[in-house]
Amino acid sequence: MNQNQRPVKLMAAAVLFLGFLIGCAGSDSSTSSDSDSSATQISNLGDLPSLDLSDYDYSDTENNTVSAKLGGLKVATKSEGDFSRAGCETLALKAEAIRFSKELQMFNCYITQVHAQSEGEVDFDDNGDWKYLHLIFSDEADAGQSQGHGEGPEGEHDEGPPAQVYTRFKKSGDQISMDACNEEDDGDLRKDVEVRYTTGDAISGTIVNQFVGSDDQGNTFEDKLQIEALFEPSTENADELVATFSMNFLGAWGNGVLSFSADPATLTNVISGGHSAEYEGNEFTNRMVSRFGINDDGSVLGSARVSFNASFPAPDAQQCQQWGVPEEHLNSCVDKCYDHEGNQTAAVDGACPFEGEITESYSIADGESTLPDVTIIANSASPFADAVADATLPDPSTATVSFQDSWDCTGDYLEVDVTDYDFSTCEAIMEESEALNNLFDYCHSQDNQDINEDLGE
């Protein structure tokens, strides 16, 4: 039930292009959704709906994982047939949406498994009132860090649920409400997770997570995350569901927004995201909207519009060497800045300004390994170039995160020891989510390979 995956990966979902920060990524495969859109009826905790976006991905690639992190300042002029950073990061953002939809699904899983393995003891109150549970997952002496505690922005949390969770839930008509509290270092309980579902012909789910942690220096920080997913019948075919997803985050890694939509009638996905932050002397606001889908001939084509505005310290010799610049080429790197077209520019007060906007179209195909081939194509060859050129770019300053209801974590708790329960199904969902994080230097390393070849390094 660990909803607190560190935003070092999530914040990356921030649309960072041409050498900036971006987070964990990946993609699953599917060409259409056969989901049953009949009205969803919830009679007990075992009937919670699925909110997993995996079946709504129209990129036609298999188990690919792509992403990038903070990188160098060098930029090479790109042309048709070259590696498409925009297409690669589109897949990265798409994977973030899928990964965090699995976060919602994982919360569902733990609750439904507790219901099933308690033989019905854990279920909704017949009168529609709140029901309170104190779930014990492990002995305190053997437990890792509790949910809500962990390392700083550079670190990771322990996987799995905390030693114990205090939760409440109720069903009122088509509305399902669930909250969770965890124990802080001072022993006080603090609400940190809120989940709301609405069921019927359409299914919607919202999870709000507020994480408080501290870094190695003891500095306290708070990150807030809000995820919303909606599945509703298609106007073209009532037996198919149209999926939309949105995410807002605020905290140690800045502010950001991310959205994902899937249209089964046209077999297209739209991804958009924006991120603004200041990190170790780097300031940036980056935004992107990207549309891709399956063409009539079975190929996957897309177009992305990217806007970036940043400032970061001009590189010194040490930084250039860390980027792998040979000694004989240091003069072309130290205190040198580059614009997005690869032109050398002057540093301003020791900082490199970096801003611009591009529209880049791409194709996605199976690569020789498990990674995709994402290649630049002419904008005229993509059916989506005009649409993204006219699209409104997302604004990360609009990100908001808030609980719908307040709760001081008090209640008449039923204690349930679940230390011997089998949560392997839930752990499998967590593994699926984490699998979208591996090889997360792919976009950046592939882009740098092209850059170094262009610069003759």
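The values are calculated or read from the model by the stated rules, or taken from the named source; none is laboratory data. Because the structure is a prediction, the values reported are computed rather than measured. As a convention, Cβ positions derive from the backbone with ideal geometry for all residues, glycine included, and neighbour counts pool all protein chains shown.
Scanning the stretch 347-364 for residues that are surrounded by 13 or more Cβ atoms within 10 Å (Cβ to Cβ) and either among the aliphatic types (A, V, I, L, M) or not in a strand (DSSP E or B) (or both) yields Ala347, Ala351, Ile358, Ile364.
The residues in the stretch 400-418 that are among the β-branched types (Val, Ile, Thr) and under 19 Å from Asp125 (Cα atoms) can be counted, and the count is 2.
Do we find that Glu121 is more than 26 Å from the chain's Cα centre (by Cα), surrounded by fewer than 23 Cβ atoms within 10 Å (Cβ to Cβ), at pLDDT 75 or above and over 26 Å from Glu415 (Cβ atoms) in this structure?
Values: more than 26 Å from the chain's Cα centre (by Cα): yes; surrounded by fewer than 23 Cβ atoms within 10 Å (Cβ to Cβ): yes; at pLDDT 75 or above: yes; over 26 Å from Glu415 (Cβ atoms): no.
Criteria not met by Glu121.
Can you tell me which residue within the stretch 186-231, out of those that are outside any strand (DSSP E or B) and not charged (D, E, K, R), is nearest to Phe107 (Cα to Cα)?
Step one: list which residues in the stretch 186-231 are outside any strand (DSSP E or B), which gives 186-188, 199-202, 215-219.
Going one step further and asking which of them are not charged (D, E, K, R), we end up with 187, 199-200, 202, 217-219.
Values: Gly187: 24, Thr199: 17, Gly200: 20, Ala202: 20, Gln217: 31, Gly218: 29, Asn219: 29 Å.
Checking each candidate, the answer is Thr199.
Looking only at residues in the stretch 382-438 that are in a helix (DSSP H, G or I) and of a type in the set (A, V, I, L, M), the one that is surrounded by the most Cβ atoms within 10 Å (Cβ to Cβ) is Val388. Quick one: is Ala116 surrounded by fewer than 20 Cβ atoms within 10 Å (Cβ to Cβ), modelled with pLDDT of 80 or more and of a type in the set (A, V, I, L, M)? In short, yes.
Within the stretch 302-328, restricting attention to residues that are of a type in the set (A, V, I, L, M) and either surrounded by 22 or more Cβ atoms within 10 Å (Cβ to Cβ) or out of contact with any helix residue (DSSP H, G or I) (no Cβ under 9 Å at 6 or more places or on another chain) (or both), which residue is modelled with the highest pLDDT?
Ala304
Annotation note: Cβ proximity below 7 Å between a residue of the stretch 372-388 that is within 19 Å of Thr266 (Cβ to Cβ) and a residue that is surrounded by fewer than 20 Cβ atoms within 10 Å (Cβ to Cβ) (sequence gap 6+ or interchain) occurs for Ala385/Thr359; Ala385/Asn379; Val388/Thr359.
Among residues of the stretch 137-188 being of a type in the set (A, V, I, L, M) and surrounded by 16 or more Cβ atoms within 10 Å (Cβ to Cβ), the one that is modelled with the lowest pLDDT is Ala143. Looking at Asn269, Asn248, just one residue is polar (S, T, N, Q) and either closer than 21 Å to Thr398 by Cα or not in a strand (DSSP E or B) (or both), and that residue is Asn248.
For the stretch 365-381, filtered to residues that are assigned to a strand (DSSP E or B) and either polar (S, T, N, Q) or in contact with a Pro (Cβ under 8 Å, 6 or more places away or on another chain) (or both), the residue that is farthest from Asp82 (Cα to Cα) is Asp366.
Looking at the structure I just gave you, is Asp239 under 29 Å from Asp263 (Cβ atoms) and among the acidic types (Asp, Glu)? Yes, satisfied.
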